[in-house]
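The values are calculated or read from the model by the stated rules, or taken from the named source; none is laboratory data. Note that this is a predicted model, so its numbers are computed, not measured. Neighbour counts are summed over all protein chains in view; Cβ atoms, including those assigned to glycine, are modelled from backbone coordinates with ideal geometry. Side chains are part of the model used for accessible areas, which takes the heavy atoms of the whole protein and leaves out ligands, DNA and RNA. Shrake-Rupley method; radii C 1.70, N 1.55, O 1.52, S 1.80 Å.
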Amino acid sequence: QVQLVESGGGLVQAGGSLRLSCAASGRTSSAYGMGWFRRAPGKERELVAAISRSMSSTYYADSVKGRFTISRDNAKNTVYLQMDSLKPEDTAVYYCAASIAPFTVKVGTYNYWGQGTQVTVAS
């Protein structure tokens, strides 16, 4: 089992940047495929980005391609989401999640979730 704690959220102006971090404890995060999700008010949870155990594969939602970058440091048991050129529509609670699958983009295959961190982008 793994516990996930997100950090790095906050208020930023449109066009700005934030870097989210997800610290894993318990079983090493390198055993899991990892993903970042978000849920905006009134909307369904959305997979934003995913990265494989080996870091050889990544996925990005069309809405964030070219602006967000997912990475991981398995030695530090940490996954990152670098968010650049932020837009007001990126405002949401962002969640880190871990899957026992080596790499997956299916929401239902993520087994462990963090509590979330709020990102607010002001226009």
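Among residues belonging to region 1-11 that are in a loop (DSSP other than H, G, I, E, B) and at pLDDT 95 or above, point out the one that is surrounded by the fewest Cβ atoms within 10 Å (Cβ to Cβ).
Among those residues, the one meeting the criterion is Gly8.
Mind checking whether some residue in region 92-100 is among the small types (Gly, Ala, Ser), under 16 Å from Ser25 (Cα atoms) and open to solvent by 20 Å² or more (accessible area, probe 1.4 Å)? I'd like the intermediate steps shown before the answer.
At the first step, the residues of region 92-100 found to be among the small types (Gly, Ala, Ser) are 92, 97-99.
Those left that are additionally under 16 Å from Ser25 (Cα atoms): 97-99.
Subset that is open to solvent by 20 Å² or more (accessible area, probe 1.4 Å): none.
The answer is no; no qualifying residue exists.
Restricting attention to region 60-113, the residues that are in contact with a helix residue (DSSP H, G or I) (Cβ under 8 Å, 6 or more places away or on another chain), in contact (Cβ under 8 Å) with a residue 60 or more places away in the chain and not in a strand (DSSP E or B) total 2. Scoring Lys76 on the criteria (1) closer than 20 Å to Ser7 by Cα; (2) open to solvent by less than 50 Å² (accessible area, probe 1.4 Å) leaves a single failure, condition (2).
Okay, residues lined up against (1) within 14 Å of Leu4 (Cα to Cα); (2) of a type outside the set (Gly, Ala, Ser); (3) at pLDDT below 95:
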{"residue": "Ile51", "(1), (2), (3)": "no, yes, no"}
{"residue": "Tyr60", "(1), (2), (3)": "no, yes, no"}
{"residue": "Arg67", "(1), (2), (3)": "no, yes, no"}
{"residue": "Lys87", "(1), (2), (3)": "no, yes, no"}
{"residue": "Ala92", "(1), (2), (3)": "no, no, no"}
{"residue": "Tyr95", "(1), (2), (3)": "yes, yes, no"}
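Conditions tested, residue by residue: (1) touching a residue at least 12 places away in the same chain (Cβ under 8 Å); (2) open to solvent by less than 60 Å² (accessible area, probe 1.4 Å); (3) under 13 Å from the mean Cα position of the chain (by Cα).
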{"residue": "Gln13", "(1), (2), (3)": "yes, no, no"}
{"residue": "Arg27", "(1), (2), (3)": "yes, no, no"}
{"residue": "Trp36", "(1), (2), (3)": "yes, yes, yes"}
{"residue": "Ala50", "(1), (2), (3)": "yes, yes, yes"}
{"residue": "Ser54", "(1), (2), (3)": "yes, no, no"}
{"residue": "Thr58", "(1), (2), (3)": "yes, no, yes"}
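Among the residues that make up region 53-61, is at least one of them in contact with a Ser or Thr (Cβ under 8 Å, 6 or more places away or on another chain) and of a type in the set (A, V, I, L, M)?
To start, the set of residues in region 53-61 that are in contact with a Ser or Thr (Cβ under 8 Å, 6 or more places away or on another chain) comprises 53, 55, 58.
After this cut, where a residue has to be of a type in the set (A, V, I, L, M) as well, the list is 55.
For region 53-61, residues in contact with a Ser or Thr (Cβ under 8 Å, 6 or more places away or on another chain) and of a type in the set (A, V, I, L, M): present.
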